[in-house]
1. For the chain, which whole-number percentage of the solvent-accessible area (1.4 Å probe, protein heavy atoms only) is attributable to carbon and sulfur atoms?
2. Using +1 at the Cβ of each Lys and Arg and -1 at the Cβ of each Asp and Glu in the chain, identify which of 196, 66, 131 lies farthest towards the dipole's positive end.
3. In nm, to one decimal, how far is the modelled label at residue 136 from the one at residue 447, with both set 7 Å along Cα→Cβ?
4. Quickly estimate the mean residue ellipticity at 222 nm for the chain, helices only: each DSSP H run with n ≥ 4 gives -39500 (n - 2.57), and the total goes over all residues, rounded to 500.
5. Hey, quick one: spin label on residue 388, modelled 7 Å out along Cα-Cβ, who in segment 85-100 has an amide N within reach, i.e. under 14 Å?
6. Enter the angle in degrees (range 0 to 90, nearest 10) between the Cα long axis of helix 415-427 and the first principal axis of the Cα atoms of the chain, meaning the one along which they spread out most.
7. What does the C-alpha gyration tensor say about the overall shape of the chain? Classify as rounded when a/c is under 1.5, otherwise prolate if a/b is larger than b/c, or oblate.
8. Could you give the angle, 0 to 90 degrees to the nearest 10, between helix 3-26's Cα long axis and the longest principal axis of the Cα atoms of the chain?
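The values are calculated or read from the model by the stated rules, or taken from the named source; none is laboratory data. Here the structure is a predicted model, which means the values were calculated and not measured. Note: ideal-geometry Cβ built from the backbone for every residue, glycine included; neighbour counts use all protein chains shown. Just the protein is used for accessible areas: all its heavy atoms, side chains included, with ligands, DNA and RNA removed. Shrake-Rupley method; radii C 1.70, N 1.55, O 1.52, S 1.80 Å.
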Amino acid sequence: MSEIALATDFAIIIVVATIVGIVARQTGQPTIIAYILTGLILGPVMFDIVTEDGLVESMAELGLGFLLFLLGMKMRFDDIREILRPIINIAVWQTILQTALALAVAWALGFEPTEIVIIALATVFGATPIIVKILTDKDEITSLPGKIDVGVLIVQDIYLVVVLALLGADELGSASEIATTLGVIAVMMTFIALFSILSSRYLLPKLFREIADNKDVFLVVAIAWAFLFIAVSEQFDLSLEVGAFLAGISLAQLPYSKELEDRITPITDFFILVFFASIGLRLAADDLLAYWWEAIVASVVLMVGNFWIMFYLIDREDFSVETSFLGAINMVQVSEFSLVVGALAVQQGHIGTDVLGYLSLMALLTMSVSTYIINYNHTIYGQARPWFSRFESAAKKDIDLAEYTDHAIAIGYDEITERVLPILEEEYDDVVIIDRQTDHIDALEAEGRYDYIYGDFRHGEIRKAANLKGASFVLSSTVQPDVNRALLEEVDDDATVFVEAERIDDARELYDRGAAYVIMSTYLTAEKLSEYLEQYITDPEAFRELIERDIDRIEDRDIGAPTDRQRRQAETGGDDDD
């Protein structure tokens, strides 16, 4: 195929995916569904405009690698440390019971033995990107049901990587070969995982501390790190997804991970689009509808069965009925990873494209329905609560999770914020500092007094990590108008917000947007200068005493303290508009 034809195909895929994606957002559907529908529209199912060639296939495989890399970067073990034991219990038994249910459903529907095994392995996963995205948008990702779901998804993702590695193996002809292959995979993954953990503890913090202030190098090194793990995995005869996933996990444990996740997401979006569109391009209309009624029956049975399995397992850990219900109802869908497993199984010749069509239709149906279920989970619980009250008991009690609420946030660490932090600490339980300069983060870490988040305040992940909407007081020491506008737009109406501005017009606008006080550095400087000049003229001796005190304060400051110039630059995640 000519280069022009390839460029045309990619242009068509992107344009159609954009249009379908807009429609999906308007109807509350996730973009992954839009990408799959794009492939169905452009492939043999409908118009047969674009065919899957070698380049599309290569890009799709790279997209899968980036998807697993991004997935690994979301696996921050600190997020679930408080409830690790019950999560492991829930996740292990959920995997066993849902796999058994999927096996029974596939057997009852008349599939062949190999197909039954692949279908069971493929349909046990929750839709991580969809669940995390919707719960984050609803500010429920840090709630107890949200953390339980995220913890279970983390264990599922590790299981997914093992399944992908197993399906990617060359020899699976007998039970002994499968056992041998699993043993080899376990040893190799353990070796790479140990390297990942040791790197995240000893190598990566030093490396990223040196380069984090350079945004371009910061991103390139992260991507290079992913490709390094991919190369190592392939040397061990493991799939590239294993290496990408473990690379993401090692980066996830760094304080720079949220900033990095936001920066790498736009790049991964393109490759993920191509991957899911390529699945649609592989399917003919006959494949998609070959088992249409089986897909409908299986979707209903699995969604109901998955709910009751999760509800029972969470309830067994003595969480409240509401937590058990919400945690279970968020996890009822057959995820997009069923397509990942199915596509690899087709590539290895274990199943035909008709079974991939069955998995695709099931994923489309359950993900579409579950999107609305998650969005209205509290409403559904309110209707079902009288019936579920029979499961309540005095022994069931939720764990109190540590989270930021009614706290203070300081955007930027400089001369202004440093002086007022002790006052904020006395008034509020928690003080969180958002900054994007490594020397500032190092100073905060060495002091060990305040919580901090490394990153660009403009990025949504950073604001959510600090729980901006739940803050009672916010101080912004940046003069960048777009940062302060975003702050005032998102913060709670009852919060007190102090911001900084250089120009009168900016100050006027910020007051109009709800700022409690706008710090005018130039105005305050002029006022202070006039006071000092008057003191110098009227009482030179008192003036000299004032100056001596200023000099003492300057000399008492740490050598590495932030300067005014640094404050004007990328401390909050962006250069000054010089």
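1. C and S fraction of accessible area: 59 percent.
2. Comparing the listed Cα positions along the dipole, 131 ranks first.
3. About 2.9 nm, to one decimal.
4. -22000 deg cm²/dmol
5. From segment 85-100, the list is empty.
6. The angle comes out at about 70 degrees.
7. Verdict is prolate for the chain.
8. 80 degrees
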